[in-house]
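Chemist: Here it is, the structure in full.
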Amino acid sequence: MIKAGIIGSTGYAGAELVRILLAHKEVEIAWYGSRSYVDEPYSSIYRNFFQVVDAKCMDDNMEELSRQADVIFTATPQGLCASLVNEDILSRCKVIDLSADFRIKDVNVYEKWYGIEHKAPQFIGEAVYGLCERNREQIRSARLVANPGCYPTCSFLSVYPLAKEGIIDMSTLIIDAKSGTSGAGRGAKTANLFCEVNENIKAYGVAGHRHTPEIEEQLSYASGEDVTISFTPHLVPMNRGILVTAYASVKKDVTPEEMRQLYHDYYDKEYFVRVLEDGVCPETRWVEGSNYVDVNIKYDPRTRRVIMMGAMDNLVKGAAGQAVQNMNLMFGFKEQEGLELLPVFP
């Protein structure tokens, strides 16, 4: 049994961490951190935990938390984890950061896209990008893991096999993505009010969304070349879910069957990535509440383009579930422990 602390436990991703960890047989939650709700009962904020969690919210004192916990999850806005983490903390416990602070290896790129100064650049090189399906072995021995973003996770897993094998022309890659409103966080914002979101769909962050460099960096590693993409996210009126539709020209003489076989070769042994049957398109409703990512492809012979598709829950595989998957690897637990969550429908 290990002890976990969560800084930012009252955000959507933090609450999802609580939900998952409470059902994890190897973990006890020792710290429900929340700067906004110090000393308030956690179950008064999320009443789904009434008579389940009797703890009160604590502050974001990572120094003290590192003396009580074996692992710290930081489900906080960009900049906070980097401002708090230090060598003493990392010598005492492991840290899984759900923000972007340690995802991007070039500090100048991070500061440009996020508009803030990085407070702990000395740890960027050490941090392991926590995409388990790609960096599993490095994660096992890590003490600092950068949990991937939601859009980058779904985008990467949808495109990865064809990028890795050099099947697609990376300079032609376009990624169109849709997300539910929980991806914008729990903060009060006019643009996320019910009347603003309901019966509407809109693009945002056009030609400038801050997940763009993360997607480009990871696909560059996969393909072995510098990748520049067109990435456009959209907000749709649902609570959870991400749907990615990516397009690229095919540059090798391969059949649709050979391309599909590559997805099976890469993912058939991956517990949380499901390659759908031929002709079946991923849908967010079939992954909601789970750590699964559903992927599929369709080749268009008329345009010689391949359409790569993926769907997942942005709060689970896109945030808290993936963080727990990383924790399981770091502590030698079964990778799917606490994550064998069936999708919820309707």
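The values are calculated or read from the model by the stated rules, or taken from the named source; none is laboratory data. Nothing here was measured: the structure is a model prediction, and the numbers come from that model. Using ideal geometry, Cβ is built from the backbone for each residue, glycine included, and neighbour counts are taken over all protein chains shown.
Chemist: With respect to Arg240, is the statement that it is charged (D, E, K, R), at pLDDT 95 or above and surrounded by 21 or more Cβ atoms within 10 Å (Cβ to Cβ) true?
Modeler: Values: charged (D, E, K, R): yes; at pLDDT 95 or above: yes; surrounded by 21 or more Cβ atoms within 10 Å (Cβ to Cβ): yes.
So Arg240 passes the test.
Chemist: Could you look through the stretch 235-262, keep only residues that are of a type in the set (Val, Ile, Thr) and out of contact with any Cys (no Cβ under 8 Å at 6 or more places or on another chain), and pick out the one that is nearest to Asp169 (Cα to Cα)?
Modeler: Pass one, the stretch 235-262, residues of a type in the set (Val, Ile, Thr): 236, 242, 244-245, 250, 254-255.
Of the ones still in play, those that are also out of contact with any Cys (no Cβ under 8 Å at 6 or more places or on another chain) are 236, 245, 250, 254-255.
Working: Val236: 29, Thr245: 16, Val250: 6, Val254: 13, Thr255: 16 Å.
Filtering the stretch 235-262 for residues that are of a type in the set (Val, Ile, Thr) and out of contact with any Cys (no Cβ under 8 Å at 6 or more places or on another chain), the one nearest to Asp169 (Cα to Cα) comes out as Val250.
Chemist: Given (1) of a type outside the set (Lys, Arg); (2) within 15 Å of Leu98 (Cα to Cα); (3) buried (at least 24 other Cβ atoms within 10 Å of the Cβ), where does Leu131 come up short, assuming only one miss?
Modeler: (3)
Chemist: Can I ask one more? Here's a check for you: in the stretch 282-318, which residue that is within 30 Å of Lys252 (Cα to Cα) and of a type in the set (Val, Ile, Thr) is surrounded by the fewest Cβ atoms within 10 Å (Cβ to Cβ)?
Modeler: In this case the residue turns out to be Thr303.
Chemist: Hey, another quick one. Being crowded, with 16+ Cβ neighbours inside 10 Å and assigned to a loop (DSSP other than H, G, I, E, B) is the filter; apply it to the stretch 271-281 and report the residue that is nearest to the chain's Cα centre (by Cα).
Modeler: Selected residue: Phe272.
Chemist: Name the pairs whose Cβ atoms lie under 7 Å apart, with the first residue in the stretch 229-244 and touching a residue at least 40 places away in the same chain (Cβ under 8 Å), the second of a type in the set (Asp, Glu) and assigned to a loop (DSSP other than H, G, I, E, B), and 6 or more positions between them or separate chains?
Modeler: Pro237/Glu199; Arg240/Glu288; Arg240/Asp313; Gly241/Glu288; Gly241/Asp313
Chemist: How many residues are part of a strand (DSSP E or B) and among the hydrophobic types (A, V, I, L, M, F, W, C) if we restrict to the stretch 28-59?
Modeler: Quick first cut of the stretch 28-59, residues part of a strand (DSSP E or B) only: 28-33, 41, 56, 58.
Subsequent filtering for residues that are among the hydrophobic types (A, V, I, L, M, F, W, C) retains 29-31, 58.
Summing the residues that are part of a strand (DSSP E or B) and among the hydrophobic types (A, V, I, L, M, F, W, C) in the stretch 28-59 gives 4.
Chemist: Any idea how many residues of the stretch 39-72 are charged (D, E, K, R) and in contact (Cβ under 8 Å) with a residue 60 or more places away in the chain?
Modeler: Count: 1.
Chemist: Among the residues that make up the stretch 179-186, is at least one of them of a type in the set (Lys, Arg), farther than 23 Å from Val275 by Cβ and assigned by TED's automatic domain parsing to the domain that holds Lys298?
Modeler: yes
Chemist: Next question. Residue by residue through the stretch 216-243, note down the ones that are within 14 Å of Ser182 (Cα to Cα) and in a loop (DSSP other than H, G, I, E, B).
Modeler: Val236, Pro237, Met238, Asn239, Arg240, Gly241
Chemist: OK, next. Quick one: in the stretch 244-265, of everything that is surrounded by fewer than 20 Cβ atoms within 10 Å (Cβ to Cβ) and hydroxyl-bearing (Ser, Thr, Tyr), which residue is farthest from Ser182 (Cα to Cα)?
Modeler: Thr255
Chemist: Something else now. If a residue has to be more than 19 Å from Gly187 (Cα to Cα), under 22 Å from the mean Cα position of the chain (by Cα) and in a helix (DSSP H, G or I) to count, how many in the stretch 60-89 make the cut?
Modeler: Residues flagged as more than 19 Å from Gly187 (Cα to Cα), under 22 Å from the mean Cα position of the chain (by Cα) and in a helix (DSSP H, G or I) within the stretch 60-89 amount to 3.
Chemist: Name the pairs whose Cβ atoms lie under 7 Å apart, with the first residue in the stretch 73-102 and within 22 Å of Leu21 (Cβ to Cβ) and touching a residue at least 12 places away in the same chain (Cβ under 8 Å), the second in a strand (DSSP E or B) and aromatic (Phe, Trp, Tyr), and 6 or more positions between them or separate chains?
Modeler: Once the first residue is within 22 Å of Leu21 (Cβ to Cβ) and touching a residue at least 12 places away in the same chain (Cβ under 8 Å) and sits in the stretch 73-102, its partners that are in a strand (DSSP E or B) and aromatic (Phe, Trp, Tyr) give Ile96/Phe73; Leu98/Phe73.
Chemist: If you go through the stretch 121-158 one residue at a time, how many are touching a residue at least 60 places away in the same chain (Cβ under 8 Å) and among the hydrophobic types (A, V, I, L, M, F, W, C)?
Modeler: 9
Chemist: If I ask for residues that are surrounded by fewer than 18 Cβ atoms within 10 Å (Cβ to Cβ) and assigned to a helix (DSSP H, G or I), which ones from the stretch 180-215 would you list?
Modeler: Ala184, Thr190, Ala191, Asn192, Phe194, Cys195, Glu196
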